[in-house]
Every structure is written in C-alpha cells, then in structure tokens.
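Reading through the structure tokens given below for one structure.
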Amino acid sequence: MNERLQVYEEKMKKTMASLDSELMTIRAGRANPNILNKIMVDYYGTPTPLQQVGNISVPEARMIVIQPWERKMIKAIEKAINMSDIGINPTNDGQVIRLVFPELTEDRRKELAKDVKKKGEQAKVAVRNIRRDGNDALKKLKKSSEISEDEIKDMETELQKTTDKYIKEVDKAVEAKSKEVMTV
C-alpha cells in the first residue's frame with residue numbers, strides 16, 4: 001500500500017476497533033463482563049474503571065459476580081452500576097455483588113438488533129468520510145502536480161478497495177452481532 005494512503009487505512013482500522021468495542025458492550029442475553037467496561041467507580045474521589053476495584057467473574061451463563069478488593073467499596077460499585085445504562089439492578093450479600101441478566105424478550109432482541117445496525121451504519125459513514133478525506137488530499141496533490149495523473153488514479157483505486165474491505169468487515173461484524181442478539 002502506498003505510504004500516503006497508510007494514514008487512511010489506519011483511521012479505518014481504528015473505526016473498526018471502535019465498532020468492535022461498542023458491539024461488545026451490547027448484551028445478548030448472556031452475561032458478558034465487557035458490558036462493565038465503561039463503568040467508572042468513585043474510588044476515594046477518583047473515577048476508576050470497575051475492573052480496577054474488584055475481581056469480575058461469570059460463574060453462570062446469565063450472572064456476573066464482582067468481588068471488590070475492599071469490602072467498603074461495595075456501595076460505590078453498586079451506585080456506579082445503578083447510574084450506568086446497563087439496566088440491571090445489582091444485589092449484594094456484604095461480600096460480593098451479583099448481576100443477574102434476565103432472559104431477553106423478543107421485542108428487546110429486535111430493539112438491540114436495530115441498535116447494532118445503527119452502530120454499523122455510523123461506522124460505515126465514518127469509513128466513507130475517511131475515504132473522502134483521502135480523495136480530497138489526492139486532489140490537492142493533483143493540483144500541485146507532485147505526482148502523475150496515473151499515480152493519482154491508482155491511489156484512488158487503492159483507497160476505494162481499502163474502503164470496500166472495511167465496509168465488508170463492518171457488515172460482517174454487524175451480521176454476527178445481530179445473529180448473536182436474536183439467538184434465544
């Protein structure tokens with residue numbers, strides 16, 4: 001790949017990584033500790049990722065257990081989970097916090113599948129915007145006559161192929177996640 005186009009491929013890779021991490025936070029009826037990734041806990045006045053204040057485990061398919069490193073952190077962890085948008089109420093026994101995932105209804109699954117598609121569309125728009133930026137940069141090169149028109153055409157073709165590759169990857173990720181969400 002041309003080094004001038006490398007920048008745009010890197011940006012597309014980052015867009016794909018961002019989509020993957022967003023899709024991980026969508027719960028599909030099974031307990032997935034990744035939905036806790038964005039939760040910050042007030043740890044002595046400092047917002048700290050939940051993973052850094054306790055041990056997170058999945059003992060059953062629909063349950064996450066959080067064992068805080070310090071027992072007095074239970075209330076802060078519960079508060080952070082309640083303030084988040086995961087929609088699950090934590091329960092605690094003084095030692096650990098349990099998150100029990102209810103079985104998803106058909107309507108909720110459809111809603112989540114729509115959400116997955118929406119995130120996929122946003123990722124595609126981002127990829128296309130990166131392609132547009134690349135094409136704009138190539139037009140400027142063309143105007144300044146730094147490179148021949150043939151080289152510009154080749155680079156435009158290469159940029160389009162890269163764009164198509166990432167659009168396909170987005171479609172694959174969206175399809176896989178939608179299938180996971182719709183599976184009972």
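The values are calculated or read from the model by the stated rules, or taken from the named source; none is laboratory data. Bear in mind that the values here come from a model prediction, so they are computed numbers and not experimental data. Glycine also receives a Cβ, built like all others from the backbone with ideal geometry; neighbour counts cover every protein chain displayed. Accessible surface is based on the protein model in full, side chains and every heavy atom, while ligands, DNA and RNA are left aside. Shrake-Rupley method; radii C 1.70, N 1.55, O 1.52, S 1.80 Å.
Here the calculated FRET efficiency for Asn34 and Arg71, from their Cβ-Cβ distance with R0 = 25 Å, stands at 0.45, rounded to the nearest 0.05.
Within segment 1-95, report the GluC sites (Glu not before Pro) that DSSP leaves as loop and that have at most 15 other Cβ atoms within 10 Å.
Filter output for segment 1-95: Glu70.
Dipole check for segment 1-88: with +1 at the C-beta of Lys and Arg, -1 at the C-beta of Asp and Glu, and the Cα centre as origin, the magnitude is about 180 Debye.
Using the empirical formula 2.2 N^0.38 Å as the baseline, the Cα radius of gyration of segment 23-106 reaches a ratio of 1.03. Rounded to the nearest Hz, the phi-derived 3J(HN,Hα) couplings of segment 105-114 under the Karplus curve 6.51 cos²θ - 1.76 cosθ + 1.60 (θ = phi - 60°) are 7, 4, 4, 5, 4, 5, 4, 5, 5, 5, where x marks glycine and proline.
Residues whose amide H comes within less than 5 Å of that of Ile39, counting only those at least five positions distant or on another chain, are Leu50 (H built at 1.01 Å from N in the peptide plane). About its Cα centre, segment 71-151 has a charge dipole of approximately 240 debye under the convention of +1 per Lys or Arg Cβ and -1 per Asp or Glu Cβ, with nothing else charged.
Go ahead and run the numbers for FRET between Val125 and Thr105, Cβ-Cβ distance against an R0 of 41 Å, rounding to 0.05. Kindly include the intermediate steps, with their values, before the conclusion.
Values: r = 30 Å, r/R0 = 0.73.
The formula returns an efficiency of 0.85 here.
The distance between label points at Asn55 and Ser144 comes to 5.8 nm (points 7 Å beyond Cα on the Cα→Cβ vector). Between segment 96-165 and segment 26-81, the alpha-carbon centres lie 32 Å apart.
Tell me, what is the per residue accessible area of the chain in Å², probe radius 1.4 Å?
Accessible area per residue: 60 Å².
What's the carbon and sulfur percent of the chain's accessible surface, probe 1.4 angstrom, rounded to a whole number? Let's see the in-between values first.
Working: 5530 of 11090 Å².
In the chain, the share of accessible area belonging to carbon and sulfur is 50 percent.
Here the Karplus curve 6.51 cos²θ - 1.76 cosθ + 1.60, taken at θ = phi - 60°, turns the phi angles of segment 125-136 into couplings of 4, 4, 4, 5, 5, 5, 4, 4, 4, x, 5, 4 Hz, with x standing for Gly and Pro.
Please tell me the relative contact order of segment 54-184 in percent, rounded to the nearest whole number, where contacts are Cα pairs under 8 Å and at least six residues apart. Kindly include the intermediate steps, with their values, before the conclusion.
Details: 109 pairs, mean separation 27.2, N = 131.
About 21 percent, as a whole number.
Any idea what the relative contact order of segment 4-113 is, in percent, if you count C-alpha pairs under 8 Å spaced at least 6 apart? Before the final figure, lay out the partial values.
On the way: 142 pairs, mean separation 23.8, N = 110.
Relative contact order here is 22 percent.
What is the helix-to-structure angle for 3-24, meaning the angle in degrees between its Cα long axis and the longest Cα principal axis of the chain, kept from 0 to 90 and rounded to the nearest 10? The angle comes out near 20 degrees. For segment 16-67, the dipole from Cβ point charges (+1 on Lys and Arg, -1 on Asp and Glu) about the Cα centre works out to 140 debye, to the nearest 20. According to the calculation over all Cα-Cα pairs in segment 101-184, the P(r) per 5 Å bin from zero is 3, 14, 18, 15, 12, 9, 9, 6, 6, 4, 3, 2, 0 %. The alpha carbon convex hull volume per residue for the chain rounds to 140 Å³.
Computed from backbone phi with θ = phi - 60° and the Karplus coefficients 6.51, -1.76 and 1.60, the 3J(HN,Hα) list for segment 176-182 is 4, 5, 4, 4, 4, 5, 7 Hz; x is used for glycine and proline.
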